[in-house]
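Just below is one structure, and these are the notes that go with it.
The values are calculated or read from the model by the stated rules, or taken from the named source; none is laboratory data. This one's a predicted model, so the numbers in the text were calculated from it and none came from an experiment. Counting neighbours? That spans all protein chains shown, and the Cβs are built from the backbone with ideal geometry, glycine included. To get the accessible areas, we keep the full protein, side chains included, count just its heavy atoms, and leave off ligands, DNA and RNA. Shrake-Rupley method; radii C 1.70, N 1.55, O 1.52, S 1.80 Å.
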Amino acid sequence: MRSVLQLLLAQDGSTTRLCEAVARGPVSLHVLEQRVVDAVPAEVSAALPGSMFIERITCLAAHGQVMMDNLSYIALDGLPANLRRDIEDAKISIGHLLSRLWVRRAFIDVGPTLHERLWAAVGLPDANASRAYCIATPDGLGLLIAETYRRGMLMGHDGHDGA
């Protein structure tokens, strides 16, 4: 189980597509909170351009299992209108939205504040299954994502917990 978690934390592709592969089909996006903010943790303002951001807390789930919880900050500076509309509609995961763009991910070390914001909303802290990274595009679009993998990522082939 520890080696599976290490693999999940090290992968740098689309976590949405990874969840779909584990679930062997589509996953559900559940938007727990979403709002435009100007007060953000220091890591966000240091990493992303501008002073206004979309803060979005979501989970991805399949077969009744939460696979991961996510806290995303999306810089409004440089955000194309169609992408902002799709984010605000809250029907599509960030991974599927970004599949339209060329992106680069960079893992970052963050203090406890960022993950604590996520865990305050989802109620289940797990520092050992968490990570954070920035996503940038050539056009300057910036995102910072903190995520925590959940037990649902260990599903068996029948969609049930394989542990």
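Odds and ends about this structure:
- Qualifying residue in segment 154-161 (condition: at pLDDT below 75 and on the phi > 0 side of the Ramachandran plot): yes
- Count - residues of segment 57-75 that are in a loop (DSSP other than H, G, I, E, B) and without any contact (Cβ under 8 Å) to a residue 60 or more places away in the chain: 1
- Test set (1) under 15 Å from the mean Cα position of the chain (by Cα); (2) closer than 18 Å to Leu144 by Cβ - Val66 fails condition number: (2)
- Only residues that are more than 16 Å from Ile108 (Cα to Cα), assigned to a helix (DSSP H, G or I) and open to solvent by less than 70 Å² (accessible area, probe 1.4 Å) were counted across segment 4-14, and they come to 2.
- The single condition from (1) open to solvent by 10 Å² or more (accessible area, probe 1.4 Å); (2) touching a residue at least 12 places away in the same chain (Cβ under 8 Å); (3) assigned to a helix (DSSP H, G or I); (4) not polar (S, T, N, Q) that Gly78 fails is (3).
- Every residue from segment 16-42 that is acidic (Asp, Glu), assigned to a helix (DSSP H, G or I) and closer than 16 Å to Arg56 by Cβ: none
- Of all residues making up segment 28-75, the number that are open to solvent by 30 Å² or more (accessible area, probe 1.4 Å) and more than 18 Å from Val110 (Cα to Cα): 17
- Boolean, Ser93 is over 18 Å from Arg150 (Cβ atoms) and at pLDDT below 90: no
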